[in-house]
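For reference, the structure discussed in these notes is given below.
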Amino acid sequence: MVRVWDGLQRGLHWLLAASVIAAWVSGHWAEQWFDEIHHMAGYLAGGIVLLRLGWGGIGSRYARLSQFMRGPHATDAYARQVIAGTEPRYIGHNPLGAWMVLALLAVVAALSLSGMLYIGDWLWGYAWLSDLHAALAWLILLLVLLHIAGVVFTSRRHRENLVTAMFTGRKRAAEGDDIE
Amino acid sequence: MMMNIKSITTLALISVACGAAFAHGNVSCPVVPKEEKRPQMELQRKLEAEGWKVRQVKNYNNCYEVYGFDEKGEKAEAFFHPKTFERVHPEPEKSEK
(Lines give C-alpha, C1' and ligand atoms only; values in the text may rest on other atoms or scores of the structure.)
Protein backbone atom coordinates (compact mmCIF):
# COMPACT_ATOMS: atom_id res chain seq x y z
CA MET A 1 0.00 0.00 0.00
CA VAL A 2 1.17 3.50 -0.77
CA ARG A 3 0.15 6.85 0.63
CA VAL A 4 -1.93 8.76 -1.97
CA TRP A 5 -4.40 11.23 -0.47
CA ASP A 6 -2.96 13.54 2.17
CA GLY A 7 -4.72 14.34 5.43
CA LEU A 8 -5.93 17.82 4.51
CA GLN A 9 -7.34 16.59 1.22
CA ARG A 10 -9.25 13.79 2.93
CA GLY A 11 -10.48 16.09 5.69
CA LEU A 12 -11.70 18.65 3.19
CA HIS A 13 -13.39 15.95 1.11
CA TRP A 14 -15.51 14.62 3.97
CA LEU A 15 -16.18 18.04 5.43
CA LEU A 16 -17.39 19.19 2.03
CA ALA A 17 -19.57 16.11 1.69
CA ALA A 18 -21.04 16.76 5.14
CA SER A 19 -21.72 20.43 4.44
CA VAL A 20 -23.34 19.70 1.07
CA ILE A 21 -25.62 17.11 2.70
CA ALA A 22 -26.43 19.52 5.55
CA ALA A 23 -27.17 22.31 3.08
CA TRP A 24 -29.33 20.08 0.89
CA VAL A 25 -31.36 18.70 3.77
CA SER A 26 -31.78 22.05 5.55
CA GLY A 27 -32.63 23.71 2.24
CA HIS A 28 -35.53 21.36 1.66
CA TRP A 29 -36.79 21.02 5.24
CA ALA A 30 -36.23 22.69 8.50
CA GLU A 31 -37.23 26.33 8.26
CA GLN A 32 -36.71 26.43 12.00
CA TRP A 33 -32.95 26.15 11.80
CA PHE A 34 -32.62 27.40 8.27
CA ASP A 35 -30.32 30.34 8.96
CA GLU A 36 -28.11 28.45 11.36
CA ILE A 37 -27.68 25.26 9.36
CA HIS A 38 -28.17 26.25 5.74
CA HIS A 39 -26.22 29.49 5.91
CA MET A 40 -23.38 27.97 7.94
CA ALA A 41 -23.19 24.95 5.61
CA GLY A 42 -23.05 27.32 2.63
CA TYR A 43 -20.22 29.43 4.06
CA LEU A 44 -18.36 26.30 5.11
CA ALA A 45 -18.71 24.69 1.67
CA GLY A 46 -17.56 27.89 -0.07
CA GLY A 47 -14.55 28.12 2.23
CA ILE A 48 -13.66 24.49 1.64
CA VAL A 49 -13.72 24.99 -2.14
CA LEU A 50 -11.29 27.90 -1.83
CA LEU A 51 -9.01 25.90 0.46
CA ARG A 52 -9.13 22.90 -1.86
CA LEU A 53 -8.22 25.02 -4.89
CA GLY A 54 -5.34 26.55 -2.94
CA TRP A 55 -4.22 23.10 -1.82
CA GLY A 56 -4.56 22.03 -5.46
CA GLY A 57 -1.68 24.39 -6.17
CA ILE A 58 0.65 23.71 -3.25
CA GLY A 59 -0.52 20.44 -1.69
CA SER A 60 1.07 17.01 -1.80
CA ARG A 61 1.58 15.26 -5.12
CA TYR A 62 -1.85 13.69 -5.68
CA ALA A 63 -3.70 16.70 -4.29
CA ARG A 64 -2.37 18.95 -7.04
CA LEU A 65 -4.64 19.86 -9.91
CA SER A 66 -1.65 19.71 -12.27
CA GLN A 67 -1.12 16.07 -11.31
CA PHE A 68 -4.61 14.93 -12.32
CA MET A 69 -6.21 17.41 -14.70
CA ARG A 70 -6.10 16.20 -18.32
CA GLY A 71 -7.18 17.87 -21.54
CA PRO A 72 -10.24 16.89 -23.58
CA HIS A 73 -8.31 14.50 -25.86
CA ALA A 74 -6.78 12.48 -23.05
CA THR A 75 -10.11 12.44 -21.22
CA ASP A 76 -11.95 11.28 -24.33
CA ALA A 77 -9.36 8.57 -24.91
CA TYR A 78 -9.75 7.41 -21.32
CA ALA A 79 -13.55 7.37 -21.64
CA ARG A 80 -13.25 5.16 -24.74
CA GLN A 81 -10.99 2.80 -22.81
CA VAL A 82 -13.55 2.66 -20.00
CA ILE A 83 -16.27 1.72 -22.47
CA ALA A 84 -14.01 -0.92 -24.00
CA GLY A 85 -13.10 -2.16 -20.51
CA THR A 86 -9.40 -1.60 -21.07
CA GLU A 87 -8.72 1.54 -19.03
CA PRO A 88 -5.59 1.55 -16.87
CA ARG A 89 -5.78 2.01 -13.12
CA TYR A 90 -4.72 5.42 -11.89
CA ILE A 91 -3.05 5.84 -8.53
CA GLY A 92 -4.35 9.42 -8.37
CA HIS A 93 -7.58 10.65 -9.97
CA ASN A 94 -8.33 9.24 -13.39
CA PRO A 95 -9.17 11.84 -16.09
CA LEU A 96 -12.95 11.45 -15.73
CA GLY A 97 -12.68 11.60 -11.95
CA ALA A 98 -10.56 14.71 -12.29
CA TRP A 99 -13.24 16.50 -14.29
CA MET A 100 -15.80 15.39 -11.73
CA VAL A 101 -13.66 16.95 -8.98
CA LEU A 102 -13.56 20.20 -10.91
CA ALA A 103 -17.30 20.11 -11.72
CA LEU A 104 -18.22 19.43 -8.07
CA LEU A 105 -16.00 22.25 -6.82
CA ALA A 106 -17.33 24.66 -9.45
CA VAL A 107 -21.00 23.93 -8.74
CA VAL A 108 -20.50 24.11 -4.97
CA ALA A 109 -18.75 27.46 -5.45
CA ALA A 110 -21.65 28.71 -7.59
CA LEU A 111 -24.15 27.50 -4.99
CA SER A 112 -22.31 29.16 -2.15
CA LEU A 113 -21.91 32.42 -4.06
CA SER A 114 -25.52 32.56 -5.29
CA GLY A 115 -26.74 31.83 -1.76
CA MET A 116 -24.59 34.58 -0.28
CA LEU A 117 -25.74 37.04 -2.93
CA TYR A 118 -29.36 36.13 -2.28
CA ILE A 119 -29.18 37.02 1.40
CA GLY A 120 -27.13 40.17 0.85
CA ASP A 121 -28.88 43.50 0.18
CA TRP A 122 -27.76 43.88 -3.40
CA LEU A 123 -29.70 40.96 -4.92
CA TRP A 124 -32.03 40.10 -2.03
CA GLY A 125 -35.42 38.78 -3.04
CA TYR A 126 -34.99 38.44 -6.79
CA ALA A 127 -36.83 35.37 -8.06
CA TRP A 128 -34.27 34.62 -10.76
CA LEU A 129 -31.51 34.28 -8.19
CA SER A 130 -33.39 31.86 -5.95
CA ASP A 131 -34.42 29.91 -9.08
CA LEU A 132 -30.76 29.74 -10.13
CA HIS A 133 -29.74 28.61 -6.64
CA ALA A 134 -32.41 25.88 -6.69
CA ALA A 135 -31.38 24.71 -10.16
CA LEU A 136 -27.75 24.49 -9.02
CA ALA A 137 -28.90 22.45 -6.00
CA TRP A 138 -30.46 19.90 -8.36
CA LEU A 139 -27.30 19.92 -10.45
CA ILE A 140 -25.11 19.19 -7.42
CA LEU A 141 -27.40 16.29 -6.48
CA LEU A 142 -27.00 14.88 -9.99
CA LEU A 143 -23.23 15.33 -9.89
CA VAL A 144 -22.94 13.72 -6.45
CA LEU A 145 -24.91 10.69 -7.64
CA LEU A 146 -22.70 10.44 -10.73
CA HIS A 147 -19.62 10.86 -8.53
CA ILE A 148 -20.73 8.00 -6.27
CA ALA A 149 -21.57 5.86 -9.31
CA GLY A 150 -18.11 6.55 -10.73
CA VAL A 151 -16.45 5.65 -7.44
CA VAL A 152 -18.39 2.39 -7.20
CA PHE A 153 -17.74 1.54 -10.84
CA THR A 154 -14.01 2.23 -10.65
CA SER A 155 -13.71 0.40 -7.31
CA ARG A 156 -15.25 -2.72 -8.83
CA ARG A 157 -13.30 -2.48 -12.03
CA HIS A 158 -9.93 -2.30 -10.30
CA ARG A 159 -10.88 -4.32 -7.22
CA GLU A 160 -10.03 -1.70 -4.64
CA ASN A 161 -12.30 0.17 -2.27
CA LEU A 162 -11.92 3.85 -3.18
CA VAL A 163 -14.23 4.96 -0.35
CA THR A 164 -11.89 3.34 2.18
CA ALA A 165 -8.95 4.95 0.37
CA MET A 166 -10.53 8.36 0.90
CA PHE A 167 -10.57 7.59 4.63
CA THR A 168 -7.14 6.00 5.01
CA GLY A 169 -5.34 7.82 2.20
CA ARG A 170 -3.77 4.54 1.12
CA LYS A 171 -4.09 2.59 -2.10
CA ARG A 172 -2.57 -0.52 -3.58
CA ALA A 173 0.87 0.25 -5.00
CA ALA A 174 1.24 0.65 -8.75
CA GLU A 175 1.88 -2.49 -10.77
CA GLY A 176 1.83 -3.41 -14.47
CA ASP A 177 0.07 -0.78 -16.58
CA ASP A 178 -1.08 1.33 -13.63
CA ILE A 179 -0.49 5.04 -14.04
CA GLU A 180 1.29 6.69 -11.11
CA MET B 1 -19.84 1.43 0.70
CA MET B 2 -23.31 0.20 -0.26
CA MET B 3 -24.60 1.62 3.01
CA ASN B 4 -23.19 4.95 2.04
CA ILE B 5 -25.00 5.00 -1.27
CA LYS B 6 -28.25 3.80 0.22
CA SER B 7 -28.28 6.35 3.01
CA ILE B 8 -27.38 9.22 0.71
CA THR B 9 -30.05 8.21 -1.80
CA THR B 10 -32.61 7.86 0.97
CA LEU B 11 -31.74 11.29 2.35
CA ALA B 12 -32.03 12.78 -1.10
CA LEU B 13 -35.42 11.18 -1.75
CA ILE B 14 -36.83 12.22 1.62
CA SER B 15 -35.64 15.76 1.02
CA VAL B 16 -37.25 15.88 -2.39
CA ALA B 17 -40.54 14.65 -0.97
CA CYS B 18 -40.51 17.49 1.54
CA GLY B 19 -40.65 20.24 -1.06
CA ALA B 20 -38.87 23.51 -1.51
CA ALA B 21 -36.95 25.70 0.88
CA PHE B 22 -38.52 28.44 2.91
CA ALA B 23 -36.92 30.60 5.51
CA HIS B 24 -39.94 31.53 7.58
CA GLY B 25 -42.37 29.95 9.99
CA ASN B 26 -45.77 28.51 9.22
CA VAL B 27 -48.04 30.96 7.51
CA SER B 28 -51.25 30.61 5.56
CA CYS B 29 -54.24 32.66 4.43
CA PRO B 30 -57.90 31.68 4.10
CA VAL B 31 -59.00 30.48 0.69
CA VAL B 32 -60.45 33.34 -1.33
CA PRO B 33 -62.42 32.80 -4.56
CA LYS B 34 -60.30 33.72 -7.55
CA GLU B 35 -62.53 36.61 -8.64
CA GLU B 36 -62.30 38.20 -5.17
CA LYS B 37 -58.51 38.24 -5.13
CA ARG B 38 -56.96 41.58 -5.92
CA PRO B 39 -54.07 41.47 -8.37
CA GLN B 40 -50.52 41.09 -7.11
CA MET B 41 -49.58 44.22 -9.01
CA GLU B 42 -52.06 46.21 -6.92
CA LEU B 43 -50.39 45.01 -3.73
CA GLN B 44 -47.01 45.88 -5.16
CA ARG B 45 -48.17 49.41 -6.10
CA LYS B 46 -49.72 49.89 -2.65
CA LEU B 47 -46.55 48.80 -0.86
CA GLU B 48 -44.36 50.91 -3.12
CA ALA B 49 -46.57 53.91 -2.39
CA GLU B 50 -45.87 53.23 1.30
CA GLY B 51 -42.14 53.30 0.68
CA TRP B 52 -41.41 49.63 0.05
CA LYS B 53 -39.07 48.33 -2.58
CA VAL B 54 -40.66 45.18 -4.01
CA ARG B 55 -38.51 42.59 -5.73
CA GLN B 56 -40.80 39.59 -5.96
CA VAL B 57 -44.43 38.78 -5.33
CA LYS B 58 -45.62 35.19 -5.38
CA ASN B 59 -48.31 32.93 -4.00
CA TYR B 60 -47.66 31.07 -0.81
CA ASN B 61 -50.33 29.06 1.06
CA ASN B 62 -53.05 31.32 -0.40
CA CYS B 63 -51.15 34.42 0.72
CA TYR B 64 -49.24 36.86 -1.42
CA GLU B 65 -45.60 36.61 -0.41
CA VAL B 66 -43.51 39.72 -0.95
CA TYR B 67 -39.72 39.92 -1.01
CA GLY B 68 -38.06 43.29 -0.85
CA PHE B 69 -37.36 46.15 1.52
CA ASP B 70 -40.00 47.61 3.80
CA GLU B 71 -40.75 51.29 4.44
CA LYS B 72 -37.81 51.42 6.86
CA GLY B 73 -35.52 50.09 4.17
CA GLU B 74 -35.11 46.77 5.96
CA LYS B 75 -35.01 43.46 4.17
CA ALA B 76 -38.45 41.91 4.27
CA GLU B 77 -40.16 38.66 3.42
CA ALA B 78 -43.79 39.43 4.18
CA PHE B 79 -47.19 37.82 3.66
CA PHE B 80 -50.45 39.52 2.79
CA HIS B 81 -54.08 38.48 2.56
CA PRO B 82 -54.88 38.37 -1.17
CA LYS B 83 -58.22 40.22 -0.73
CA THR B 84 -57.75 42.63 2.16
CA PHE B 85 -53.99 43.09 1.73
CA GLU B 86 -53.74 42.77 5.49
CA ARG B 87 -50.31 41.65 6.62
CA VAL B 88 -50.20 38.06 7.90
CA HIS B 89 -47.41 37.14 10.29
CA PRO B 90 -45.81 33.69 10.46
CA GLU B 91 -46.16 31.73 13.68
CA PRO B 92 -43.75 33.35 16.11
CA GLU B 93 -42.22 30.21 17.60
CA LYS B 94 -40.39 29.51 14.34
CA SER B 95 -37.52 31.60 13.06
CA GLU B 96 -38.90 34.57 11.18
CA LYS B 97 -37.12 36.57 8.54
> Amide H of B:Arg55: which non-local residues (sequence gap of 5 or more, or other chain) have their own amide H closer than 5 Å, using H built in the peptide plane?
Replying inline: B:Tyr67, B:Gly68, B:Phe69
> Along the three principal axes, how long is the range A:35-125 when you take its alpha carbons, biggest first, rounded to the nearest angstrom?
Replying inline: 52, 28, 21
> From the backbone phi of the range A:18-27, what are the Karplus-calculated ³J(HN,Hα) couplings (6.51 cos²θ - 1.76 cosθ + 1.60, θ = phi - 60°) in whole Hz, Gly and Pro given as x?
Replying inline: 5, 6, 5, 5, 4, 5, 5, 5, 5, x
> Based solely on its DSSP helices, what 222 nm [θ] is calculated for the protein assembly as shown when runs of n ≥ 4 H residues each add -39,500 (n - 2.57) and the sum is averaged over all residues, nearest 500 deg cm²/dmol?
Replying inline: -17500 deg cm²/dmol
> With all protein chains present and a 1.4 Å probe, how do A:Arg156, A:Arg172 order by accessible area, largest first?
Replying inline: A:Arg156, A:Arg172
>> I'd like the per residue volume of the convex hull spanned by the Cα atoms of the range A:101-180, given in cubic angstrom.
In response: 108
> Which residue, A:Leu111, A:Leu162, A:Leu123, tops the fluctuation ranking in a GNM of chain A built on C-alpha contacts under 10 Å?
Replying inline: A:Leu123
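Work through the residues other than A:Arg159 whose Cβ is under 13 Å from its Cβ and net out their charges, Lys, Arg +1 and Asp, Glu -1.
Net charge around A:Arg159: +2.
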> Taking θ as phi - 60°, what are the ³J(HN,Hα) couplings along the range B:51-59 by the Karplus curve (6.51, -1.76, 1.60), each to the nearest whole Hz, with x for Gly and Pro?
Replying inline: x, 7, 10, 9, 10, 7, 10, 9, 7
> Projected area of the range A:84-141, taken from the Cα convex hull and averaged over every viewing direction, in nm²?
Replying inline: 5.3
>> With a 1.4 Å probe and all protein chains left in place, how much accessible area per residue does the range A:62-145 have, in Å²?
In response: 48
>> Taking amide H atoms as placed 1.01 Å from N in the peptide plane, list the residues 5 or more away in sequence, or in a different chain, whose amide H sits under 5 Å from that of B:Cys63.
In response: B:Cys29
>> How many Å² of accessible surface get buried when A and B come together, counting both sides, probe radius 1.4 Å, rounded to the nearest 100?
In response: 2600
>> Could you give each residue of the range B:32-48 its phi-based ³J(HN,Hα) in whole Hz, using Karplus coefficients 6.51, -1.76, 1.60 with θ = phi - 60°, and x for Gly or Pro?
In response: 10, x, 3, 6, 8, 6, 8, x, 4, 4, 5, 4, 4, 4, 4, 5, 5
> What would the Debye formula give as log10 I(q)/I(0) at q = 0.07 Å⁻¹ for the alpha-carbon point model of the protein assembly as shown, no solvent?
Replying inline: -0.36
>> Need the per-residue list for the range B:41-75: every residue with at least 30 Å² less accessible surface in the complex of protein chains than in the chain by itself, probe 1.4 Å, sorted by number.
In response: B:Arg55, B:Gln56, B:Tyr67, B:Phe69, B:Lys75
>> Can you give me the % of accessible surface on the protein assembly as shown that is carbon or sulfur? Probe 1.4 Å, all protein chains present, nothing else counted.
In response: 64
>> Let me check something: with ligands and nucleic acids excluded, how do A:Ile48, A:Ile83 order by accessible area (1.4 Å probe), largest to smallest?
In response: A:Ile83, A:Ile48
> Separation between the B:Lys72 and A:Asn161 pseudo-spin-labels, each 7 Å from Cα along Cα→Cβ, expressed in nm?
Replying inline: 5.7
>> For B:Val57, B:Val66, give me the order by solvent-accessible area with a 1.4 Å probe, most accessible first, ignoring ligands, DNA and RNA.
In response: B:Val57, B:Val66
> What residue among A:Glu160, A:Glu87, A:Glu36 has the largest mean-square fluctuation in a Gaussian network model of chain A, using Cα springs under 10 Å?
Replying inline: A:Glu36
> Heavy-atom accessible area of A:Thr168 with all protein chains present, probe 1.4 Å, nearest 10 Å²?
Replying inline: 60
> At A:Ala127 and A:Phe153, where each label point lies 7 Å from the Cα along Cα→Cβ, what is the point-to-point distance in nanometres?
Replying inline: 3.8
> Do you know which residues of the range A:151-176 lose at least 30 square angstrom of accessible area in the protein assembly compared with their chain on its own, with a 1.4 angstrom probe?
Replying inline: A:Val152, A:Val163
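The values are calculated or read from the model by the stated rules, or taken from the named source; none is laboratory data. Here the structure is a predicted model, which means the values were calculated and not measured. Every residue, glycine among them, receives a Cβ derived from its backbone with ideal geometry; neighbour counts consider all protein chains shown. Just so you know, the surface numbers come from the protein's heavy atoms only, side chains and all, with ligands and any DNA or RNA stripped out. Shrake-Rupley method; radii C 1.70, N 1.55, O 1.52, S 1.80 Å.
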